[in-house]
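This report refers to the structure that appears directly beneath it.
The values are calculated or read from the model by the stated rules, or taken from the named source; none is laboratory data. All figures in this text were calculated on a predicted structure; none of them were measured in a lab. Cβ sites come from the backbone with ideal geometry, for glycine too, and all protein chains shown count toward neighbours.
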Amino acid sequence: MELTANNIKQKPTNFIDDIIEDLKIAYNEDSKPWVVGFSGGKDSTALVQFIFYMLMDLPERQRHKKVFVIASDTLVEMPSIEERLIREVALMQQAANKKNLPIEVHRVYPALHDRFWVTLIGKGYPSPVPRFRWCTERLKINPTSKFILDKVSQIGSVVIVLGSRISESSTRAQVMEAYRIEGQRFRPHANLPKAWVFMPIQHLSTTEVWDYLLTVDNPWGGDNDGLAMLYKMASGGECPMVIDETTPPCGNSRFGCWTCTVVERDKSMESLVASGAEQFQPLLDFRDYLRQIRYEDSARMNTRKNGTVGKGPFTYEARQDLLKRLLQLQKEVGEILIQGDELAAIREMWALEGLPVDMVDRIRRHVYEEEPMPEGKENPALSKEEQLLEEVCKEYDIPFEMMRRLRDLEEEYGSLRRRHGLPELMRETVKNNV
């Protein structure tokens, strides 16, 4: 690849040309589309940057297959980090369109009933720990796997391109070595049929990654200097795209979830706060509380979900208190921490367990009643869809809570073959709101 004065700040090392050439060979080797993981961290940014330049270096007639870049959004990323990810993804798609590159960028999310707050507060699952890391599968593996399997069903086979590096951690090196096939560029994925894994930057050192990011201009106009500043402010690595349970926990990473209780201390967030990002202190305090409360006997039921005796889910009282604390935190930091549809899912789960159907709304009103929403402002506890529904209900003088519950019931029962009990629930909802 020929690097011009317009995209290079200083002379690159030879590894850049080697990786670009390897990517070209791999891209032209077959017709399988690529699925590329992008977390917004240094390794995945370098990987996508390499792929951009590889495609830009190919004649248009040779850009014969799609490259799907997927960013997994757990919905519990730190707000400022999520904003950066959203910005980078938008710039990436705009640049790909402008340069006529066969790149499609997608953000993938966990299913509603798998989301962190719905599982923890709605179902009562205790905060994740290494021996019970329920969050990984629900928040990361399932959304990514679903996207990949959907593409496999449509196309037949895909190549998953990862930014994993051997030098990033000893655990990751062991996992990568276990799946390596001597002399082959691709290896079959252990759990996803018709999916192959390709790791083109696996032999780069951390120094080489930063050398590349800070000497070669970002092709979609992203902020690599700002990325470097984030790494300077905090220690730890990044969360790669998680496609199976062999991926190490990401609790030590500023690119992981701010709610992560898998590690005893979130040293990265502590470093960010110590470096001047004091807006993260309330989030850090709440994370610490989530880890602490899982060990409090009074906060846990005495029976597990499978019926055996032992520490079980959070009690109803603990879950109500957690929701209250979360909404108070949301109000304090001025960021949306729990989505409106998540509140609706929690409301439904609690109602099915015998709690008053309006318990979630009582807690929400209690938190926000001291400071009513100014006229014309959006309710931070409602999703955009619910804000629109609320406006329509006001216009036609229809009870908003009734319509929202009817919608939630229809969504929950809509995928079921048998919808026994739905008419009665809907009639009861209308009766209670007329």
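Side notes on the structure shown:
- When restricted to residues that are surrounded by fewer than 15 Cβ atoms within 10 Å (Cβ to Cβ) and of a type in the set (Gly, Ala, Ser), the range 253-283 contains 3.
- Selected residue (criterion: modelled with the highest pLDDT) from residues of the range 356-392 that are among the charged types (D, E, K, R) and more than 30 Å from the chain's Cα centre (by Cα): Glu369
- Against the numbered list (1) surrounded by fewer than 18 Cβ atoms within 10 Å (Cβ to Cβ); (2) farther than 30 Å from Val273 by Cα, Phe50 comes up short only at (1).
- Answer residue from the range 156-169, given it is surrounded by fewer than 21 Cβ atoms within 10 Å (Cβ to Cβ) and within 21 Å of Pro200 (Cβ to Cβ) and is modelled with the highest pLDDT among those: Ser157
- Glu353, sole failed condition from (1) in contact (Cβ under 8 Å) with a residue 12 or more places away in the chain; (2) farther than 20 Å from Gly122 by Cβ: (2)
- When the range 121-171 is filtered for residues that are of a type in the set (Val, Ile, Thr) and either outside the structural domain of Phe198 (by TED's automatic domain parsing) or in a helix (DSSP H, G or I) (or both), the ones remaining, listed by number, are Ile121, Thr136, Ile141, Thr144, Ile148, Val152, Ile155, Ile166, Thr171.
- Flag if Met233 is at pLDDT below 85, surrounded by fewer than 19 Cβ atoms within 10 Å (Cβ to Cβ) and in contact with a helix residue (DSSP H, G or I) (Cβ under 7 Å, 6 or more places away or on another chain): yes
- Residues that are within 27 Å of the chain's Cα centre (by Cα) and part of a helix (DSSP H, G or I), drawn from the range 26-43: Lys42, Asp43
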